[in-house]
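FYI, it's all coordinate maths here, none of it is from the lab. For clarity, every value in this text was computed on a predicted model and none was experimentally measured. Cβ atoms come from the backbone with ideal geometry, glycine included; neighbour counts cover every protein chain shown.
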Number of protein chains: 2
Amino acid sequence: MADLIEPRILKGFRDFLPAAEIGRRSLVEKIEASFRLYGFVPIDTPALEYADILLGKGGGETERQIYRFTDNGGRDVALRFDLTVPFARFLAEHRADLALPFKCYHIAKVWRGENTQRGRYREFTQCDFDCVGSDSAAADFEILLMMRNTLSAIGVKDITIRINHRGLFNRFLDRIGCRGKSAEILRAVDKLAKAGRDATRAALAETAGAENAAKVLAYTGAGGGFGETLAGLTEAAGGPCPESERLSLIRRFMEDTGTASSFVLDPSIARGLDYYTGVVYETFINELPEIGSVCSGGRYDNLVGLYSKEKLSGVGASIGLDRLIAALEALGKSRPRGAYARAAIACTDEGACGAYQALAEKFRERGAACEVFTEAKKLTWQFALAEKKGAEFVIIPGEAPAAGKLALREISGRQDRENLDFEEVLDIITQGAREDTV
Amino acid sequence: MADLIEPRILKGFRDFLPAAEIGRRSLVEKIEASFRLYGFVPIDTPALEYADILLGKGGGETERQIYRFTDNGGRDVALRFDLTVPFARFLAEHRADLALPFKCYHIAKVWRGENTQRGRYREFTQCDFDCVGSDSAAADFEILLMMRNTLSAIGVKDITIRINHRGLFNRFLDRIGCRGKSAEILRAVDKLAKAGRDATRAALAETAGAENAAKVLAYTGAGGGFGETLAGLTEAAGGPCPESERLSLIRRFMEDTGTASSFVLDPSIARGLDYYTGVVYETFINELPEIGSVCSGGRYDNLVGLYSKEKLSGVGASIGLDRLIAALEALGKSRPRGAYARAAIACTDEGACGAYQALAEKFRERGAACEVFTEAKKLTWQFALAEKKGAEFVIIPGEAPAAGKLALREISGRQDRENLDFEEVLDIITQGAREDTV
């Protein structure tokens, strides 16, 4: 016998067994159904791209984390580490074929060689949605509304979406003479929640001096209701301006749709990523603020600038599927089931499996998933198998499976019923189907 | 301005624009729905694995085509080139957590650095489904039935599934003294359709001598009905045996389910892959035999042998999504649409976009996808945009969008209706939704 190879997977990568995969698919299906209701359409791009496309101007952390290699044709290639950069390349390449504003979503896996000790995975799924080619506040708001309603559709209703406007913040920085240090200041502010106020003050002081550090912390610490906060920020930024008017309009759209209670204007929301230029936002689950944002995004003025002279502005957000699943588990809202089929047909004669399949087809044609067992073992063994697989009923056919009377075992109650018609069985096995997630 | 990076993708890789991606998703959704009706459950595995796991005993062609590299942690890794090898590793690793027979499906992308000149892609999608842990003919038949009915569910009804049994063929080879050359002979027979009879005869003669080459060609050329062919092959293999009995039983199951006309017993079906040990099959579209098999598979006695001492036999098949899509296009059965939303709400006042969204939510709550336009341009521009996006209707709200009367433009007929209630509009935009594929 040849030496065995030990079956194992790479650190940070995962297999998904049926219960986990059914849960993931159910979530993705609900997220997609929500996106589609808003008229968003799907796209897809390759997992592998030229490394220079993905790395662009380069970036320290990205370069260290990316899976990059030379392919058999000598090309310098890499696995995508997010969906934003491939989307920018996609837009630049297919601009002529797209009707603007272009509203699309992209749900796919990405790969990063991250430190797995922080509970991070090296292969994970992102759900991005974007509206490109419109600079309107209405487009900003539509993404915000979709964030709220998509999470609601998967049962996560008690959330707070925290919004800020980078342009307004930059006006404020301009006034205190720190506009040139915007990127460093934003990065320091982005770490505020994790690093704490003192460490952030120190980092800001090093960049902008102690006095300005105090002003930045005062700006980012402004609290109160949306209107009150907006008035304060507007004043700090030098009075009414297009950015404050946009926030005002977005606020009115929230009221018009009865969704205002889900949103907070929070000047400490910075987002670490450089390409955002307008509104930015993060989403927190009120019962689980500590897991961080489950859906984030913002407006970018010129996402395709690396690849094209044409300016294309847009606004989008991304749901981190793995973090969301962890949140649903923590909230007890994940009820994994192991099966789609609620019923299985027992096998009492292997030679009758054609007739069992003919009976099963009658159920399937009516939309009821139905497994056929193929081993003529003891019924108790078959009941146990059905239970292990997550089925709720075992149908026991008689002499003429597709035509005659049927018996039915209800697994959880260990209850047997006999002499049932096909229609009676169909009614029972399709009634009260349970949801796998709330 | 910085130098631009030319937006481009790798040879053999593809972007999917909305119309193409909607078509792909629609197919995958129908395929999945069919698998689920049979009680099959989904799994997933990593895109990247240890190279020794994927390459196993190694194999010339695979080794040349695989995307293999050393990751940042110094590991020898590779992108999966099919779903079968990761599935074998998955089974060996998770055997204790799986209830047998285990019926599952796996729909995912795989990567091969193939020669793209033959119209092949380097990134493509496979749809595998398998039943593991049962040696029964009923399990063989279930996979065959699923192949037939899943293709039927996506509109491909006029097919022929060609079946053979490797074990029966090996009995015949034993009788003519060629059992030891089984693998080479199978490979030569597998190329029969492409290479032609003369080239195959020459290849076989080189391996097994001219006399045996003639016998093999006679065996693989046997024609006629299922029963007649089976009788001839059984005789050539030395009389009734478990393999001929299994084929007989499978034949009876076909009759019991009224599906016999979709299947042909064809002794020239060999399948090039070494791991098949029992029944093997390929599926041809009757109108398009030249594109080759769109769904193939077979029974394997010991798929996990590389990773585990435990024997696990199974039977499965794989649908090649890209070839299937090419076939649907060739048959004129692919009618791509660019949108899920059949209706868009026109924008006549950007400040009213909150009210438009509130109106749109009323449609969405009733299951009707509805886009909201966010630019207050001329209505003719908005009608043209709706048409480009694939929408069929534009809803024109009045002064009180969510409460008042609505006007409706039907795009294709350039027909306008006014003074409609919400319910009237809902009826119109949800009636007679068209299918994207037959």
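What is the average number of partner chain Cβ atoms found within 10 Å of a Cβ in A:115-122?
1
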So what's the gap between the Cα centers of the stretch B:294-314 and the stretch A:229-275, to the nearest angstrom?
59 Å
With a Förster radius of 45 Å, plug the Cβ-Cβ distance of B:Arg175 and A:Lys377 into 1/(1 + (r/R0)^6) and report the FRET value to the nearest 0.05.
0.80
How big is the gap, in Å, between the Cα center of the stretch B:120-198 and the Cα center of the stretch A:118-191?
52 Å
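Only bridges with both residues in the stretch B:288-438 count here: give the DSSP antiparallel percent, nearest 5.
75 percent
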Which of the peptides A:366-378, B:314-326, B:108-120 is most tightly packed, and how do the rest follow, going by the mean number of other Cβ atoms within 10 Å of each residue?
B:314-326, A:366-378, B:108-120
If I take R0 = 60 Å and measure r between the Cβ atoms of A:Leu331 and B:Glu211 in this structure, what FRET efficiency does the formula 1/(1 + (r/R0)^6) give, to the nearest 0.05?
0.25
What angle, in degrees between 0 and 90 and rounded to the nearest 10, separates the Cα long axis of helix A:137-153 from the longest principal axis of the Cα atoms of chain A?
30 degrees
For chain B, whose charge dipole is built from +1 on Lys and Arg Cβ atoms and -1 on Asp and Glu Cβ atoms, the candidate among B:Gly23, B:Gly113, B:Ala270 with its Cα farthest towards the positive end is B:Ala270
For the stretch B:13-55, just the Cα atoms, rotate onto the principal axes and tell me the three extents in Å, largest first.
37, 33, 12
Can you list the distances in nanometres, one decimal and ascending, from the A:Asp349 label point to the identical position in each other copy, with the point 7 Å along Cα to Cβ?
7.5
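How much length is gained on full extension from B:Ile291 to B:Glu61, taking 0.36 nm per residue of separation minus their Cα-Cα distance?
Values: separation 230, 0.36 × 230 = 82.80 nm, distance 2.20 nm.
Full-extension gain reported as 80.6 nm.
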Separation of the stretch B:376-409 and the stretch A:1-45 by C-alpha centroid, Å?
38 Å
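Just check the stretch A:80-133 against the gyration tensor rule for me: Cα atoms, a ≥ b ≥ c as the square roots of the eigenvalues, rounded for a/c under 1.5, and otherwise prolate or oblate depending on whether a/b exceeds b/c.
Numbers: a/c = 4.07, a/b = 2.66, b/c = 1.53.
Here the stretch A:80-133 falls in the prolate category.
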Can you tell me the Rg and Dmax of the stretch A:1-157, counting just the alpha carbons, in angstroms?
18.5, 68
When the convex hull of the Cα atoms of the stretch A:322-361 is projected onto a plane and the area is averaged over all directions, what value comes out in nm²?
4.6 nm²
Setting aside same-chain residues fewer than 8 positions from B:Lys311, which lysines have a Cα under 25 Å from its Cα?
A:Lys377, A:Lys378, A:Lys388, A:Lys389, B:Lys57, B:Lys103, B:Lys181
Among A:403-410, B:25-32, how do they line up by average Cβ neighbours within 10 Å per residue, starting with the highest?
B:25-32, A:403-410
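Relative to the Cα centre, what is the charge dipole magnitude of chain B, using +1 at the beta carbon of each Lys and Arg, -1 at the beta carbon of each Asp and Glu, and rounding to the nearest 20 debye? Please list the in-between numbers first.
Numbers: 58 positive and 63 negative charges, 213 e Å.
It works out to roughly 1020 debye.
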From the residues B:Leu151, A:Val77, A:Gln415, which one has its Cα farthest along the dipole of the protein assembly as shown in the positive direction, the dipole being from +1 and -1 charges on Cβ of Lys/Arg and Asp/Glu about the Cα centre?
A:Val77
Taking only Cα atoms and a 10 Å spring cutoff, compute GNM fluctuations for chain B and point out the largest among B:Ser261, B:Ser244, B:Ser134.
B:Ser261
Count, for each residue of B:135-148, the Cβ atoms from other chains sitting within 10 Å of its Cβ, then give me the mean as a whole number.
4
Can you give the direction-averaged projected area of the convex hull of the alpha-carbon atoms in the stretch B:343-430, in nm²?
4.9 nm²
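Evaluate 2.2 N^0.38 Å with N set to the residue count of the stretch A:30-80, then give the Cα radius of gyration divided by it. Kindly include the intermediate steps, with their values, before the conclusion.
Details: Rg = 15.6 Å, N = 51, 2.2 N^0.38 = 9.8 Å.
The reported ratio for this selection is 1.59.
Less than 9 Å Cβ to Cβ from B:Arg80, Lys/Arg counted +1 and Asp/Glu -1: what total charge do the surrounding residues give? Don't jump to the answer; show the numbers that get you there.
Numbers: positive: B:Lys109; negative: B:Glu49, B:Asp82.
Taking every Cβ under 9 Å from that of B:Arg80, the sum is -1.
Restricting to the protein assembly as shown, what percent of DSSP beta bridges are antiparallel, rounded to 5? Let's see the in-between values first.
Values: 100 of 122 bridges.
Around 80 percent antiparallel, to the nearest 5.
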Taking every DSSP beta bridge that has both residues in the stretch A:343-430, what percent is antiparallel when rounded to the nearest 5?
60 percent
Residue mean of other protein chain beta carbons inside 10 Å, B:47-54
5
Once Rh is set to the Kirkwood radius over Cα pairs, what Stokes-Einstein translational diffusion coefficient, in µm²/s, holds for chain A at a temperature of 37 °C and a viscosity of 0.692 mPa s?
130 µm²/s
Cα gyration tensor, the stretch B:276-431 - rounded (a/c under 1.5), prolate or oblate
prolate
Which value at 222 nm does chain B reach when only helices count, each DSSP H run of 4 or more adding -39,500 (n - 2.57), with the total divided by all residues and rounded to the nearest 500 deg cm²/dmol?
-12000 deg cm²/dmol
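Would you work out the charge dipole size for the stretch B:343-430 about its Cα centre, treating the Cβ of every Lys and Arg as +1 and the Cβ of every Asp and Glu as -1, and quote it to the nearest 20 debye? The partial results should precede the final answer.
Details: 11 positive and 16 negative charges, 56 e Å.
Using only the charged Cβ atoms, the result is roughly 280 debye.
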Can you divide the C-alpha Rg of the protein assembly as shown by 2.2 N^0.38 Å and report the result to two decimal places?
1.05
Which one of B:Ser34, B:Ala88, B:Ala355 has its Cα pushed farthest toward the positive end of the charge dipole of chain B, where Lys and Arg give +1 and Asp and Glu give -1 at the Cβ?
B:Ala88
